[in-house]
Amino acid sequence: MSDQALLRATGVRKSFGSIEVLKGIDLTVRQGQVVSLIGASGSGKTTFLRCVNLLEEHDSGEILLDGDPIGYRVEGGKRRRLSEARVSAQRARIGMVFQQFNLFPHLTAEENVMLGLTKVLGRTRAEARDIAGQWLARVGLEARREHYPYQLSGGQQQRVAIARAVAMEPRLLLFDEVTSALDPELVAEVLGVMQQLAESGMTMLVVSHEMLFVRDVSHHVVFMDGGRVAQAGTPDQVFHHPESERLRSFLGRFHGMFGNAL
Amino acid sequence: MIQYYFDWSVITRNAGALGEALLLGLGLAVVSLLIGSVIGLAAAYARLSGRKWLAWPVWAYVEFIRCMPLLLLIFFVYFGLPEFNISWFDKTESFVLTLSLYAGAYMSEVFRAGLGSIPKQYVEAAKAIGLRPWQRQRYVVLPVMFRITLPAISNNLISLFKDTSLAAAIAVPELTFVARRINADTFRVMEVWLSVSAMYLVTAYTIATLLRLVERRYASIR
């Protein structure tokens, strides 16, 4: 793990109408790090994640990926939105896995992984099929290559979605509550794949309510509250030395579920 | 009691002409559906573009076509346009032009509903892997929409096929026109109209069945 900041957000603000959802977020993700965002729903975690991948546009502040501002360039003190082509190129360097999997329903598992490889990265179909096969094998689904999403369980769909994102060799992978829509018995298989990725050195920014996973896999944990970073630090600092009543009560809700495991 | 002696030889003697006429009608319907789909897709995107100067004329076109009897449109294009010195077409081309514009209006509504029903999450997934705007349409939105709208497209093809009988009014030699001619030559009313009805019925039903197979082939969308 190097000390270089792969993603650096400073003062990121975002409003929907009159409601300010992000009130100045500062956050750094270093190469090879797993950073987790936790907090109650409505605290702005998912919105921040979507801003990083330009699915939402932040109103002010700056998000740098490898030193390049995401979505905008600054010209004479003014922000100018980048062209759609530039935005698409930036998105290709950031992978994203969604809560609802969002697999393309008209494509098989293999074709889902291949689409970005051929159309965005310009790989040949043969190369793309090879790469797709390797990644589907890594997530334990080589036997399901020819299956359509509707023929797969939620956990399998989510693993295909992870393969689709990783196969693009992104600099950074975003996970947006990827186990929240799964039946409880399918959560473990998805978390297992994520843990493997983390151990292989993938840089990950994770929004999750799986507190045991967050505690065990993250290098850095960020507690968000009301659109601000309320506390950030190592898992030990955040989970065992909460500085605010809000964080204590947030964690308290999970203690009920896991006993004293946290 | 009325005695009617069937003489089917009139049909067997004219089988070739009837078959050709049926194929012509089928061809007119398919070509019009294809051209109409292109028009309809462009119109649907124009309606959804949010640009008033684009959406408004398209709305007017769709409503005009939907509220006019097809036969009048056929007459207007075939007899009316030459009055404005627009006469590059023969009667078959004139009919294809009319039926394509007609199909375009209906297809635009089908596609507009189809495009509107595509869940936003697929587009977001397409964005997330870095597909550009037109690639998102080409590789994700349109294929999904095509599968969703396939039953409606089938219905339109069957309707258009039946509508080709109106081309008889401007003497395009499709099935109804040829039937009328044989009827006028031979006075074998029952044989001619029973046979032609059966030909329409069997053809329309075959189209429906074939397209249902295609629908099943593409049933990966739930």
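The values are calculated or read from the model by the stated rules, or taken from the named source; none is laboratory data. Given the structure is predicted, the values throughout are model-derived calculations rather than measurements. All Cβ positions, even for glycine, are placed from backbone atoms using ideal geometry, and neighbour counts span all protein chains on display.
Of the residues B:Val189, B:Val123, only one is within 14 Å of another protein chain (Cβ to nearest Cβ) and either surrounded by fewer than 20 Cβ atoms within 10 Å (Cβ to Cβ) or at pLDDT 95 or above (or both); which? I'd like the intermediate steps shown before the answer.
Working: B:Val189 fails: within 14 Å of another protein chain (Cβ to nearest Cβ).
So the residue among B:Val189, B:Val123 that is within 14 Å of another protein chain (Cβ to nearest Cβ) and either surrounded by fewer than 20 Cβ atoms within 10 Å (Cβ to Cβ) or at pLDDT 95 or above (or both) is B:Val123.
Scan segment B:60-70 and tell me whether some residue there is within 14 Å of chain A (Cβ to nearest Cβ) and either of a type in the set (Asp, Glu) or touching a residue at least 12 places away in the same chain (Cβ under 8 Å) (or both). Please lay out each step first, then the result.
First pass over segment B:60-70, keeping only residues within 14 Å of chain A (Cβ to nearest Cβ): none.
The answer is no; no qualifying residue exists.
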Answer yes or no as to whether A:Arg129 is within 27 Å of B:Val214 (Cα to Cα), in contact with an Asp or Glu (Cβ under 6 Å, 6 or more places away or on another chain) and among the charged types (D, E, K, R). no
Sole miss for A:Gln231 among (1) away from every other protein chain (no Cβ under 14 Å); (2) surrounded by fewer than 22 Cβ atoms within 10 Å (Cβ to Cβ); (3) in contact with a strand residue (DSSP E or B) (Cβ under 8 Å, 6 or more places away or on another chain); (4) in contact (Cβ under 8 Å) with a residue 24 or more places away in the chain is condition (4)
Of the conditions (1) assigned to a helix (DSSP H, G or I); (2) surrounded by 17 or more Cβ atoms within 10 Å (Cβ to Cβ); (3) of a type outside the set (A, V, I, L, M, F, W, C), the single one that B:Gly130 does not satisfy is (1)
Legend entry - Flag for B:Val178 being farther than 20 Å from B:Val31 by Cα and modelled with pLDDT under 95: yes
If you go through A:Met224, A:Met202, the only one that is in a loop (DSSP other than H, G, I, E, B) and either under 15 Å from A:Val35 (Cβ atoms) or in contact with a Lys or Arg (Cβ under 9 Å, 6 or more places away or on another chain) (or both) is A:Met202
The helices (runs of 4 or more DSSP H) lying entirely within segment B:133-186 that contain at least 2 residues which are farther than 21 Å from B:Gln121 by Cβ are B:142-163, B:175-186
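Just the residues that are touching a residue at least 40 places away in the same chain (Cβ under 8 Å) and closer than 24 Å to B:Glu93 by Cβ, please, taken from segment B:1-19.
Result: B:Ala17, B:Leu18.
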Taking segment A:7-32 and keeping only residues that are in contact with a strand residue (DSSP E or B) (Cβ under 6 Å, 6 or more places away or on another chain) and assigned to a loop (DSSP other than H, G, I, E, B), one is left with A:Gln31
Sole miss for A:Asp130 among (1) touching a Phe, Trp or Tyr at 6+ places or on another chain (Cβ under 7 Å); (2) assigned to a helix (DSSP H, G or I); (3) away from chain B (no Cβ under 13 Å) is condition (1)
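Condition check: part of a helix (DSSP H, G or I), over 27 Å from B:Arg13 (Cα atoms) and away from chain A (no Cβ under 14 Å). Does B:Ala208 satisfy that?
On the way: part of a helix (DSSP H, G or I): yes; over 27 Å from B:Arg13 (Cα atoms): yes; away from chain A (no Cβ under 14 Å): yes.
Spelling it out, B:Ala208 is indeed part of a helix (DSSP H, G or I), over 27 Å from B:Arg13 (Cα atoms) and away from chain A (no Cβ under 14 Å).
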Inset, instruction - Could you tell me whether segment B:152-164 includes any residue that is within 15 Å of the chain's Cα centre (by Cα), within 14 Å of chain A (Cβ to nearest Cβ), buried (at least 17 other Cβ atoms within 10 Å of the Cβ) and among the hydroxyl-bearing types (Ser, Thr, Tyr)? - result: no
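Please count how many residues of segment A:55-100 are within 14 Å of chain B (Cβ to nearest Cβ), assigned to a loop (DSSP other than H, G, I, E, B) and of a type in the set (Asp, Glu). Let's see the steps before the verdict.
Pass one, segment A:55-100, residues within 14 Å of chain B (Cβ to nearest Cβ): A:55-57, A:65, A:70-71, A:81-100.
Still in the list and also assigned to a loop (DSSP other than H, G, I, E, B): A:55-57, A:70-71, A:82-83, A:93, A:98-100.
Adding the requirement that they be of a type in the set (Asp, Glu) leaves A:56-57.
Of the residues in that region, 2 qualify.
Restricting to segment A:104-119, give me the number of residues that are under 29 Å from A:Ser208 (Cα atoms) and facing chain B (nearest Cβ under 7 Å). Even if it seems obvious, please write down each step before you answer.
Looking only at segment A:104-119, we keep the residues that are under 29 Å from A:Ser208 (Cα atoms), and these are A:104-117.
Then drop every residue that is not facing chain B (nearest Cβ under 7 Å), which leaves A:104-106, A:115-116.
The qualifying residues number 5.
Okay, residues lined up against (1) buried (at least 21 other Cβ atoms within 10 Å of the Cβ); (2) in a helix (DSSP H, G or I):
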position	(1), (2)
A:Ala137	no, yes
A:Gly140	no, no
A:His147	no, no
A:Tyr150	no, yes
A:Gln156	yes, yes
A:Ala163	yes, yes
A:Thr179	yes, no
The lone condition A:Glu169 fails out of (1) over 19 Å from the mean Cα position of the chain (by Cα); (2) more than 16 Å from B:Glu124 (Cβ to Cβ); (3) not in a helix (DSSP H, G or I) is (1)
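Evaluate the following for B:Leu26: is it without any contact (Cβ under 8 Å) to a residue 40 or more places away in the chain, within 17 Å of the chain's Cα centre (by Cα), outside any loop (DSSP other than H, G, I, E, B) and under 23 Å from B:Leu150 (Cα atoms)?
On the way: without any contact (Cβ under 8 Å) to a residue 40 or more places away in the chain: no; within 17 Å of the chain's Cα centre (by Cα): yes; outside any loop (DSSP other than H, G, I, E, B): yes; under 23 Å from B:Leu150 (Cα atoms): yes.
No; evaluated as a whole, the condition is false for this residue.
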Output for Cβ contacts, cut-off 7 Å, separation at least six or different chains, first residue more than 7 Å from chain A (Cβ to nearest Cβ) in segment B:128-150, second of a type in the set (A, V, I, L, M, F, W, C) and not in a helix (DSSP H, G or I), reads B:Val141/B:Ile118; B:Met145/B:Ile118; B:Ile148/B:Ile221
